[in-house]
Amino acid sequence: MKYIYLIICVFLVSVSETSCIKDFQNVTIYPYEIGDFYSEEGVMGVVFQASDDGAHGKILSLNEFQCAWGDTLLMQTNDTLNGNENMKIIKQINQWKEKFPAFFWCDSKNIDGINGWYMPAKNELQEIIVNREKINETLESIGAESLFGKNYWSSTEYSQFEVYHADFIIGEMSFYAVKLSVNSLYVRAVKEF
């Protein structure tokens, strides 16, 4: 793949900081492989899943946000394969944006005609864990935050009070993250292409 280098600043939604990321402008093209940088039609991320000989797959957002998962109601967000299904359940709740900050942050990436960003399910995060070395190489090469040493929310509930999360400290999925934890977990959005 050919890349044209450009420095841009990415605004981190809901945070008063900006992060400068070396980016590639409008020139990444199919076929994609796991770990590739993706930049098409204003959407940027790192490929963590590829199918159809690299024509389709899923990307991980370049930025992240530290926040609580949300309310301790049992929401029945049980889908382990597709976080978009869990996202649909949450978005039906009154005042979901205030009650579920991790979901809201992921959804807030759907602006300016871009849609499809959602909070990953348990198995989607498991794929990211498996491919973390390639993903982190790309994130670091463009000046984005790496995944190492952090924990990330999934959209999949374990119980009324706990959620599955990806532990990038030990490199596996765990289930004991309390939904209301604010300081210990991050969220990244994913999107199909």
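The values are calculated or read from the model by the stated rules, or taken from the named source; none is laboratory data. As the structure is a prediction and not an experimental result, all values here were calculated from the model. Here the Cβ is made from the backbone with ideal geometry for all residues, glycine too, and neighbour counts use every protein chain on show.
Please tell me if ASN115 is under 26 Å from THR28 (Cα atoms), exposed (fewer than 15 other Cβ atoms within 10 Å of the Cβ), at pLDDT 95 or above and of a type in the set (S, T, N, Q).
Against the criterion (under 26 Å from THR28 (Cα atoms), exposed (fewer than 15 other Cβ atoms within 10 Å of the Cβ), at pLDDT 95 or above and of a type in the set (S, T, N, Q)), ASN115 qualifies.
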Exercise. Looking at GLU137, is it at pLDDT 95 or above, more than 25 Å from GLU41 (Cα to Cα) and over 16 Å from the mean Cα position of the chain (by Cα)?
Worked result: no
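Listed here are the residues, each with its yes/no results for (1) among the acidic types (Asp, Glu); (2) free of Cβ contacts under 8 Å to residues at least 12 places away in the same chain.
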position	(1), (2)
GLY45	no, no
ASP52	yes, yes
GLN76	no, no
LEU81	no, no
ASN110	no, yes
TRP117	no, no
ALA121	no, no
Filter region 62-86 for residues that are more than 16 Å from TYR158 (Cβ to Cβ) and among the charged types (D, E, K, R); the one that is surrounded by the fewest Cβ atoms within 10 Å (Cβ to Cβ) is GLU85
By residue number, the members of region 1-38 that are under 18 Å from ARG188 (Cβ atoms), part of a strand (DSSP E or B) and at pLDDT below 95 are VAL10, PHE11, THR18, SER19, ILE21, ASP23
With respect to SER174, is the statement that it is more than 17 Å from ASN63 (Cα to Cα) and over 16 Å from the mean Cα position of the chain (by Cα) true? yes
* Asked: Is there a residue in region 142-153 that is in contact (Cβ under 8 Å) with a residue 24 or more places away in the chain and closer than 18 Å to ILE90 by Cβ?
  -> yes
Looking across region 63-80 at residues that are more than 16 Å from PHE161 (Cα to Cα) and of a type in the set (D, E, K, R), the single one that is nearest to the chain's Cα centre (by Cα) is GLU64
Exactly one of GLU172, GLU145, GLU124, GLU162 is surrounded by 15 or more Cβ atoms within 10 Å (Cβ to Cβ), more than 21 Å from ALA50 (Cβ to Cβ) and in contact with a helix residue (DSSP H, G or I) (Cβ under 9 Å, 6 or more places away or on another chain), and that residue is GLU145
Within region 81-101, the residues that are of a type in the set (A, V, I, L, M, F, W, C) and closer than 16 Å to PHE161 by Cα are ILE90, PHE100
